Amino acid sequence: MGLKSDKWIRKMSKECDMIVPFCEDQVGSGVVSYGVSSYGYDIRVADEFKIFTNIGGTVVDPKNFDEKNVVDFKGDVCIVPPNSFALARTVEYFNMPDDVLAICLGKSTYARCGIIVNVTPFEPGFKGHITIEISNTTPLPAKIYANEGIAQVLFLQGDEPCEVTYADKKGKYQSQEGITLPRILK
């Protein structure tokens, strides 16, 4: 298994629509950077957010998530309250090859402001937008800029395709569009 380069990322995105829309170069002037980097791809956060709130007074339960726990927001700048959390999605839609796993890490620009970005791995065979978890660990409100970089994706290619892909096992988040809240298969 090996980390894949910018050349490989460009090839896979052109030939297999691995990343759509695809930004072939790194864009970074006046914005939080996004696009191809040396050994990865910097994803953008879309302009749709679900911000956690305690107005509904419910418990956060991953097995029975209550949508009263979040408020919807759409705009160019999302303000995440102090010590709070928001969900978002990528601008990009991913089509993961059957022999590739992707790992996502938050960008240092946000990390240096106390903003922690968490994204679970993109499994082989996964297709869809990526739901992004954003934590504001500071005692101050924090700005998240829509349509700009939020995290970097690293691609690891196996020696052979895996036996059972995310698509094969009918993963519960397969083909997700928009921000997807927690689900439990029944």
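Worth a mention:
- Residue check, Y93 of a type outside the set (G, A, S), closer than 14 Å to V45 by Cα and surrounded by fewer than 20 Cβ atoms within 10 Å (Cβ to Cβ): yes
- D72 vs. criteria under 20 Å from N136 (Cα atoms) and modelled with pLDDT of 95 or more: yes
- Checking each residue of segment 104-124 against the condition of being aliphatic (A, V, I, L, M), under 16 Å from the mean Cα position of the chain (by Cα) and closer than 16 Å to A46 by Cα gives at least one match.
- When restricted to residues that are surrounded by fewer than 15 Cβ atoms within 10 Å (Cβ to Cβ) and aliphatic (A, V, I, L, M), segment 99-119 contains 3.
- Condition met for S5 (crowded, with 17+ Cβ neighbours inside 10 Å and either under 19 Å from the mean Cα position of the chain (by Cα) or touching a residue at least 12 places away in the same chain (Cβ under 8 Å) (or both)): no
- In summary, strands (runs of 3 or more DSSP E) completely within segment 1-85 and bearing 2 or more residues that are within 19 Å of G149 (Cβ to Cβ) occur at 35-37, 40-52, 77-80.
- Odd one out for E160 among (1) among the acidic types (D, E); (2) over 17 Å from the mean Cα position of the chain (by Cα); (3) closer than 27 Å to D66 by Cβ: (3)
The values are calculated or read from the model by the stated rules, or taken from the named source; none is laboratory data. Source: prediction; values computed, not measured. When we count neighbours, we look across all protein chains shown, and the Cβ atoms used for this are built from the backbone with ideal geometry, even at glycine.
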